[in-house]
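Nothing in this text is a laboratory measurement; each read-out follows from the coordinates by a stated rule. All values derive from a computational prediction rather than experimental measurement. Counting neighbours? That spans all protein chains shown, and the Cβs are built from the backbone with ideal geometry, glycine included.
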């Protein structure tokens, strides 16, 4: 379906005003707020992020940067689809990391991975591949639930956030008008 055909197709009430640029801007702002809250919990509330939390922040930053680029560029239809796929790819990486973190937190204490060195130490002393493997296998500090809201831990909220952002990025960039 071309852009001209899409413009003539009636959309549900209230969605006529939505544009790709607006939704991509909102996606960027959601990512910025999520990162801001993560740094607030670290710097103000004193929760130290584990290595998997740091990787989730990097994935959220990547999703946010792609949303920002899509909003600024506001390309024609095929370019928007590329941005939609890139947003979904970065969000999928975030879903996988957050899902791994949720799984580690759900393990019984005796089955949780052993505590390992910090991320800074691993990046300075291990080859990059080994450091990434160590982080993704998790460590004891990743199994600890320090924060929850409505019974869900921060990694579970991140999992929901990444899934929502990925769907929003696809929807905005594949089906909305320029």
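Overall shape of the range 38-91 was characterised from the C-alpha gyration tensor. The equivalent ellipsoid obtained from it has semi-axes of 30, 11, 5 Å, in decreasing order. Estimated at 0.36 nm per residue, the fully extended path between residue 126 and residue 35 surpasses their Cα-Cα distance by 30.0 nm. Model label sites at residue 45 and residue 106, defined 7 Å from Cα along the beta-carbon direction, differ in position by 2.3 nm. For 87, 104, 97, the sequence from fewest to most other C-beta atoms within 10 Å is 104, 97, 87. One decimal place: the segment residue 164-residue 133 gains 8.5 nm when fully extended, by the rule 0.36 nm per residue minus the C-alpha distance.
At R0 = 22 Å, how high is the FRET efficiency between residue 22 and residue 85 if r is their beta carbon distance? Nearest 0.05 is fine. The pair residue 22/residue 85 has a calculated efficiency of 0.65. Counting neighbouring Cβ atoms within 10 Å and putting the fewest first, the residues 171, 147 line up as 147, 171.
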